[in-house]
Structure formats: structure tokens, C-alpha cells
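**Q** Structure below; questions to follow.
The values are calculated or read from the model by the stated rules, or taken from the named source; none is laboratory data. Computed from a prediction, not measured in an experiment: that's the story for all the values here. Please note: Cβ atoms are built from the backbone with ideal geometry, for glycine as well, and neighbour counts cover all protein chains shown.
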Amino acid sequence: MRKLYIDLETYNDVPIKAGSYKYAETVEVLLVAYAIDDGPSRCWDVTADEIAPEDLYNAWVNPEYVVIAHNGGLFDRVMLNHHKVLPTIPASRWLDTMVQAYAHGLQGSLSSLGTVYGLRDDEAKLKDGRRLIHMFCKPYSGARIRLLDMQDDWQLFMEYAKRDIDTMRTLHERMPQWNYPGRSFWDSGVRSAEYEYWLIDLVINDRGIQLDADLCVAAMCTARDEKADLDARTSAATDDEVKAATQRDAMLKFILHEYGISLPDMRADTLRRRIADPDLPDALRELLEIRLASSKNTSAKYKAAVKSVCGDGRVRGMHQFCGAARTGRDAGRLLQLQNMARPTMKQADIDIAIEDIKQGLAGMLHDDVSTVLSNCVRGMLVPAHGSKFVVADLSAVEARVLAWLAGERKLLTFFEDYDNGAIQYDQYMVGYANTFGIAPESVSSLQRQLGKVLELSLGYGGGVGAFVTFAAVYNVDLAAIANAIHGAGDAGQLAECADKYEWALKHGFHAGLPKRTYAAIEYLKQKWRESRPKTEHLWGQLSASLKNAIRHKGTIFRIGEHIQIKCMDNFLLIRLPSGRVLSLAAPKVDIDRDGNESIRFMGLDRYSHKWSKQYVHGGMAAGLITQATAACLLRAAYRDAEEDGMPVVLRVHDELVCEVPDTPAFSAARLGNHLTRARPWSHGLPLAATGWEGPRYGKQ
């Protein structure tokens, strides 16, 4: 297969933040930089000659060439499909080096990848490149630059474009290719299907989803009116000392001066704790409630949708294939549906509220307008006329996959019985029951909530800190738990847990808890782990195998039936059951002064978003493998759904949304069958799915 490397430079008044599909509707292609195989990089100035160079055109129309571009799937391909400077070619001839990077745990941007691989230009060249992009690719100082007036800079811009081709070509050759486009290197194993799934991802992104523009506009107007009302109430409550509820510093200063109360911040959890204080003055409580309501940016996603909607009323380009670092799960773009808060209203009430918003009555009929707008945001996505949404979601998929990987036969049998209707209690009741040695049928609703926190926080090697984080999410009272545990737990084991407090306090692992509460949570952690011996054993196996693979490069270390690990080409590789590979770059085993070992690699920090040293332990590795395996299941399902004539329009976490004809032949059960189908590599993994059908997207 021969290679044509390509990179576009474009102009548009529309900002690229609106999404590439919206951008493409009015784009003008300025330059096409390219290189053929190992030949020199060249640049076609489209503004000077609309006829493509002969060598570029011949390679472009020749099916023996694969076309390689950075973010080519969602940018260059989309631009050229709209702006016909070259004939349209099949998506199967494209290869995207950004996806190649994401598929192997690397950064996405070309300049960042260049830094990782030692190809970075000096800062002056980078700064000059940014200057040229701002000059030629968007309005400059409110107007478009005349190229005839800037010929020297234009020539520099063409050289800049050719330099990007050189960088991209080098990176494509140096980056791994075992996941994407796919190259099997295991002694025996299944070749990755990621390239095939990426092609389906392009189809889904091209298809897009219909937007209820009337709802979005009405919601934005409602949010504007609500903000004005909250600001007016803030001004009245503070005698005009604070003009708007969002003025953080002014409000903190007013509260300190007026009430003598010093708040550490204005975060939502801080405000909720203070509002719940029965001794708080009523006037201050009302002020904090106003601030809490104003902190919800309820119009942001509605605005993003309106800015991104294409001329035919559909939003496109909402999925980034392999965009989630480390696990290779797909990420959200534009509307970021993965980050939407769970609804607090029932779906029937949301449906009514949507009509209230569209009629301009939400402010009159609802007390908490911010909450209403937040609950209704999913409803802005609708099927086309004559169609419906069919939605299905894998149930407890991470718990099931983890138990399968670890060989927790008792837990797998529970899931099988639960799916068959043989038992009525769920996994959280089982989690509590196994931890405390009681019958699952006797677990109360409050105990189930604790079981939920145990299951969600401890499965990937989490400790006291992880438990506290999830307890806050689910409003679990830690003091009440501590009292219960100290009243009923084993005194000897509790004393041992308390003995660990000083070490935890010294090393920052006490999660800000007092000794008594820390001991109770540590006790819960230990009891949960006692009930999951094979899961804890899996963590240990993973930790040992990761270290051994680093020390014995090229040797495969197998863990049970499903996982293989080896180190090669400066990557620590974890082969998933599906054949896909997780990649950790530049792995090392660090040893501290006390002889404790830790596994280090280079990766994208999820908080700073910088390429830096990261650490992984056995429990964390189990989490990465579990979540990655769940992603493999979802990809296989959306491939099957597409082949079954059920067009996918959304993928959110473990959920698929299809836009299908509004007939009984297309059902949630039919889609669920694709999600739960046994794969050649998933023997013995019990899967279940729940689903629904409707005229709007929602969370049911």
C-alpha cells in the first residue's frame, strides 16, 4: 500500500470550535500540503491555481494509495467532502494519525506528539506558526487579510504547512500501529478490529442527530431571564453591595462583614453543607441558595448545540474515537453528553417541563428554573419526523467484566441468576451482604446505598480515599457509618485499622478523616476485600506481571485466560480479551529508599492535561482493563446494530442510541440483543441490558 500524506490550511469566519461539520459548510481551502511516500513535501496554493498538481491528483484518485492526515477523519475528509477541490474518495482510504496516537495512549495534537518523539520545533517557530494561522485562517483584527499585501508571510505559511507534513510522516512511522490501523504481533492472538470500528465511527459522526432548535432557543431565553432575576434578588439581599450572584469575591466579603462567617470557597458542596445548617440565619440561607442556583450554567449546552448545528438541523461530530486516555474508550465532543448530570426529575415531569420551556412559561410554573433547565437538556436531541429513538444500556457492565476477569464464580452465578429472574436482590445488596456476612434478602434500602458505595469505590484497589469520594456523591453519612461499625464490628480488627491511622496521616492517605472514622472505613475496605479474594488476587497478579514484563522485555506474561502482558518498543502492552492492546509509554519500575516498588509510565495527566509521569498499580490496571473491555463490547454492538439496519446516533458511556423508523419492528429489546451477544472472546461473561423507546433523548 502506497501512502499520500496530506494537510489542509483553510479560512472561515465560523470558528472551528463550532465543530468541523458546521465549519465545513462555509470553509475555503487555502493550501493543500502533501507528500507521496518518501518523496519531498510540497504545497498546492489553491488560491493561486484551482487545478490540483498532477502528482497529487494521480495519487489521490489511485485506490492503491492510502491518504494519511492528522485528524483527517473529522477534519480534512469532512472539508474535502464539502469543498470539492479534489474528488470524494471512500472513507476506507483514509488513515488518521491523531486516532493512531489516541489508540496507543498518546497525546492527540501534532505539536505535543512532536515533543514526545523529540521532533519539536523551537518556540520561535511554533509562535510564528500560530501567528500565521491567526493571520490567514480566520478574521484578523476584524477583517480578512489581503494575500497580495502579505506575500512574504504567505510564503512562510506554505513552508509551515510543508513542515507539518514532514512531522506527521515521521510520527506515523514511529508511532505504534498494533491497534490502529492494526498489526498483530502476539505469538497467537486475535487481530484488533479498531480500524473497522473507526470507519463505523465516521459514519455515525457524519450522520449526526436532530436538534430541537426551538427548545434550545427557549431554554436560552429562560436562562437569561432567570439570571436577571437571581442578580436582582442578590442585589436586593445585599443592599446593592453585590450586583450579581456570580460575583464570588464580593459575596464572600459581604458574608464575612455582614454575618461574621468566613467561607473557604463558593463550591456547590460547601454551599449545600452551609444551607443544611439549622443555625444559619434565614437571610443568609436564602442568599446562599441564590448563589447555588446561579452557579449552574444551565444554558451552556443549549448554546453549544445552537452554535454547532448544521444547516439541515443536525449536530455532527460529537464522538472522538479512542478519545479517552489509557482505556481507549470513545470521548464526547461539542455537547459533551458524557458529562451531563443525572436527572433529578422523573421523565414524565421532564416532558411536561420541556413544553413549559418552549411556551415561555417555565419561570411562572417552576420554582427552581435552573434545575428544570438542567433536567431537560438531554431532551434537545430528537429523532427526525417519522422516527423514534431506541436506547439500550449495558447493565453493571464493569462489575460483570471485573468478576469475569478475576474468576469470581460466585458473583458471576449471581449475575446469571439475577438476569434469569431467579432472584430479586441486586449487586449492591449482594455487595453489602457479602461484606457483613448477612443474607442479601435482608438488606435495607439504606444498607443498599452503602453497598453501592462499596462496590463502586473498592473494585479497582481503592481505599479509604476512594470510599470517601463516592460517599460524598451518594450522600452517605460517614459519621453514622463510623458509629454503626464501631458498635457492631470486630473490636480486634477495628483496633488494627486504627493503628494504621498515624501512617495514613503522615503520608496523606487519611482522606481528612478523624481517627475513629478512618478506622471504620478501613475496616469496611478490609471486609469487602475479604469477600472478593479472587479480585484482590487479580490485582496482585497484574502488579507482578507488569513489573516482570518491564524487567524481561519481549516476554509474554499471561494472567488467567484473558490477559497477556509484555514490554516492547518502549511500551508496556496489555492485551485485552478482544485482542486490542492498552499501551503505557516509557515504563519503569521505581524503587524508593525503603525498597518499595512502583510502576511508572509517561501519560496524559487527567487533571493538568500535560504529558507527565504517571503511576499505575494492580488495582488501577484492573480498572483500565475492565473499562477498556467494556468499550470493546460496545463497539462490537454498534457494528452489529449498523449491520442490522439500526443507525446509531449516540454512544454515551455504555449506552447506544439508534434513530429508527417508528414501527414495532425496531425495539429496545432488539438493540439490547446486540449489546448482550456473546463474542468469540467473551465466553462465560454474563451480560444484560435495559432499554426504552421514545420521541426524545433522556435518561430513563
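**Q** Which of the helices (runs of 4 or more DSSP H) found entirely inside region 338-446 contain at least 3 residues meeting this: among the charged types (D, E, K, R)? Before you say what the answer is, go through the steps one by one.
**A** Numbers: elements: 347-358, 362-365, 369-376, 397-406, 409-419, 427-436.
Result: 347-358, 409-419.
**Q** Across region 682-699, what is the number of residues that are surrounded by fewer than 19 Cβ atoms within 10 Å (Cβ to Cβ) and under 18 Å from ASP212 (Cβ atoms)?
**A** Total satisfying the criteria: 3.
**Q** In addition: Of all residues in region 138-164, how many are under 20 Å from TYR5 (Cβ atoms) and out of contact with any helix residue (DSSP H, G or I) (no Cβ under 6 Å at 6 or more places or on another chain)?
**A** Quick first cut of region 138-164, residues under 20 Å from TYR5 (Cβ atoms) only: 157-164.
Checking the rest, the ones that are also out of contact with any helix residue (DSSP H, G or I) (no Cβ under 6 Å at 6 or more places or on another chain) come to 158-159, 161-164.
Summing the residues that are under 20 Å from TYR5 (Cβ atoms) and out of contact with any helix residue (DSSP H, G or I) (no Cβ under 6 Å at 6 or more places or on another chain) in region 138-164 gives 6.
**Q** Restricting attention to region 314-333, which residues are within 12 Å of the chain's Cα centre (by Cα), assigned to a loop (DSSP other than H, G, I, E, B) and not acidic (Asp, Glu)? Write out each step before concluding.
**A** The first filter runs over region 314-333 and keeps only residues within 12 Å of the chain's Cα centre (by Cα), leaving 318-333.
If we keep only those that are assigned to a loop (DSSP other than H, G, I, E, B) as well, we get 318, 321-330, 333.
The answer is MET318, PHE321, CYS322, GLY323, ALA324, ALA325, ARG326, THR327, GLY328, ARG329, ARG333.
**Q** Turning to a different aspect of this structure: Within region 42-69, restricting attention to residues that are under 21 Å from TYR11 (Cα atoms) and among the aliphatic types (A, V, I, L, M), which residue is nearest to the chain's Cα centre (by Cα)?
**A** Restricting to residues being under 21 Å from TYR11 (Cα atoms) and among the aliphatic types (A, V, I, L, M), the top hit is ALA69.
**Q** Same structure, new question: Restrict the check to region 598-611 and report whether at least one residue is assigned to a strand (DSSP E or B), more than 22 Å from the chain's Cα centre (by Cα) and in contact (Cβ under 8 Å) with a residue 24 or more places away in the chain. Steps first, please.
**A** Residues of region 598-611 that are assigned to a strand (DSSP E or B), as a first pass: 598-604, 611.
Narrowing the set further to residues that are more than 22 Å from the chain's Cα centre (by Cα) leaves 598-600.
Next cut, in contact (Cβ under 8 Å) with a residue 24 or more places away in the chain only: 599.
Within region 598-611, one or more residues are assigned to a strand (DSSP E or B), more than 22 Å from the chain's Cα centre (by Cα) and in contact (Cβ under 8 Å) with a residue 24 or more places away in the chain.
**Q** Please specify each residue of region 635-660 satisfying the condition of being assigned to a helix (DSSP H, G or I) and either surrounded by fewer than 23 Cβ atoms within 10 Å (Cβ to Cβ) or among the aromatic types (Phe, Trp, Tyr) (or both).
**A** Initially, region 635-660 is screened for residues assigned to a helix (DSSP H, G or I), giving 635-643.
Listed by number, the residues that qualify are ALA636, TYR638, ARG639, ASP640, GLU642, GLU643.
**Q** Separate question: Quick one: would you say GLN493 is more than 23 Å from ALA622 (Cα to Cα) and modelled with pLDDT of 90 or more?
**A** Numbers: more than 23 Å from ALA622 (Cα to Cα): yes; modelled with pLDDT of 90 or more: yes.
Taking the combined requirement at face value, the residue satisfies it.
**Q** Quick check on LEU56: is it among the aliphatic types (A, V, I, L, M) and either assigned to a strand (DSSP E or B) or in contact (Cβ under 8 Å) with a residue 60 or more places away in the chain (or both)?
**A** When the stated conditions are applied, LEU56 does not pass them.
**Q** Still on this structure, I have one more. Working carefully through the options LEU394, LEU456, find the one that is under 27 Å from GLY560 (Cβ atoms), of a type outside the set (Gly, Ala, Ser), under 25 Å from the mean Cα position of the chain (by Cα) and surrounded by fewer than 22 Cβ atoms within 10 Å (Cβ to Cβ). Don't jump to the end; show me each part of the working.
**A** Numbers: LEU394 fails: surrounded by fewer than 22 Cβ atoms within 10 Å (Cβ to Cβ).
So the residue among LEU394, LEU456 that is under 27 Å from GLY560 (Cβ atoms), of a type outside the set (Gly, Ala, Ser), under 25 Å from the mean Cα position of the chain (by Cα) and surrounded by fewer than 22 Cβ atoms within 10 Å (Cβ to Cβ) is LEU456.
**Q** Can you go through ALA519, ALA549 and tell me which one is of a type outside the set (S, T, N, Q) and either closer than 30 Å to TRP178 by Cα or surrounded by fewer than 19 Cβ atoms within 10 Å (Cβ to Cβ) (or both)?
**A** Numbers: ALA519 fails: either closer than 30 Å to TRP178 by Cα or surrounded by fewer than 19 Cβ atoms within 10 Å (Cβ to Cβ) (or both).
None of the other options fit; the residue is ALA549.
**Q** Has region 414-435 got at least one residue that is within 18 Å of LYS527 (Cβ to Cβ) and without any contact (Cβ under 8 Å) to a residue 12 or more places away in the chain?
**A** no
**Q** Let me ask you something else. Taking into account only those residues within region 528-574 that are basic (Lys, Arg) and out of contact with any His (no Cβ under 9 Å at 6 or more places or on another chain), which is nearest to ALA621 (Cα to Cα)? Steps first, answer last, please.
**A** Keep residues of region 528-574 that are basic (Lys, Arg), which gives 529, 532, 534, 547, 551, 553, 558, 566.
Of the ones still in play, those that are also out of contact with any His (no Cβ under 9 Å at 6 or more places or on another chain) are 529, 532, 534, 547, 551, 553, 558.
Numbers: ARG529: 17, ARG532: 17, LYS534: 15, LYS547: 12, ARG551: 18, LYS553: 19, ARG558: 14 Å.
Only one residue fits best here, namely LYS547.
**Q** Out of (1) assigned to a strand (DSSP E or B); (2) within 30 Å of LEU572 (Cα to Cα), the odd one out for GLU693 is which?
**A** Exception for GLU693: condition (2).
**Q** From the residues in region 571-606 that are small (Gly, Ala, Ser) and buried (at least 17 other Cβ atoms within 10 Å of the Cβ), which one is farthest from GLU561 (Cα to Cα)? Walk me through how you get there before you give the answer.
**A** From region 571-606, those small (Gly, Ala, Ser) are 578-579, 583, 585-586, 595, 598, 603; that's our starting set.
Those still in the list that are buried (at least 17 other Cβ atoms within 10 Å of the Cβ) too: 578-579, 583, 585, 603.
On the way: SER578: 12, GLY579: 13, SER583: 20, ALA585: 25, GLY603: 28 Å.
Per the criteria, the residue is GLY603.
**Q** Within region 168-185, is there a residue that is in contact with a helix residue (DSSP H, G or I) (Cβ under 6 Å, 6 or more places away or on another chain), part of a helix (DSSP H, G or I), at pLDDT 90 or above and over 30 Å from ALA103 (Cβ atoms)?
**A** Looking through region 168-185, none of the residues is in contact with a helix residue (DSSP H, G or I) (Cβ under 6 Å, 6 or more places away or on another chain), part of a helix (DSSP H, G or I), at pLDDT 90 or above and over 30 Å from ALA103 (Cβ atoms).
**Q** Out of the residues in region 612-627 that are part of a strand (DSSP E or B) and not basic (Lys, Arg), which is surrounded by the most Cβ atoms within 10 Å (Cβ to Cβ)? Reasoning before the result, please.
**A** Of the residues in region 612-627, the ones part of a strand (DSSP E or B) are 612-616.
Remaining after also requiring not basic (Lys, Arg): 612, 614-616.
On the way: SER612: 10, GLN614: 18, TYR615: 11, VAL616: 21.
In this case the residue turns out to be VAL616.
**Q** Evaluate region 666-679: report whether one residue or more is surrounded by fewer than 16 Cβ atoms within 10 Å (Cβ to Cβ) and in a helix (DSSP H, G or I).
**A** The answer is yes, given that some residue of region 666-679 is surrounded by fewer than 16 Cβ atoms within 10 Å (Cβ to Cβ) and in a helix (DSSP H, G or I).
**Q** Please tell me if VAL67 is of a type outside the set (Gly, Ala, Ser), touching a Phe, Trp or Tyr at 6+ places or on another chain (Cβ under 7 Å), outside the structural domain of LYS307 (by TED's automatic domain parsing) and part of a strand (DSSP E or B). Let's see the steps before the verdict.
**A** Working: of a type outside the set (Gly, Ala, Ser): yes; touching a Phe, Trp or Tyr at 6+ places or on another chain (Cβ under 7 Å): yes; outside the structural domain of LYS307 (by TED's automatic domain parsing): yes; part of a strand (DSSP E or B): yes.
Yes, satisfied.
**Q** Hey, another quick one. In the set LEU292, LEU280, which member is in a loop (DSSP other than H, G, I, E, B), modelled with pLDDT under 90 and farther than 30 Å from LYS610 by Cβ? Before the answer, list the steps.
**A** On the way: LEU292 fails: in a loop (DSSP other than H, G, I, E, B).
The match here is LEU280.
**Q** Of all residues in region 295-310, which are at pLDDT below 95, surrounded by fewer than 21 Cβ atoms within 10 Å (Cβ to Cβ) and in a loop (DSSP other than H, G, I, E, B)?
**A** SER295, LYS296, ASN297
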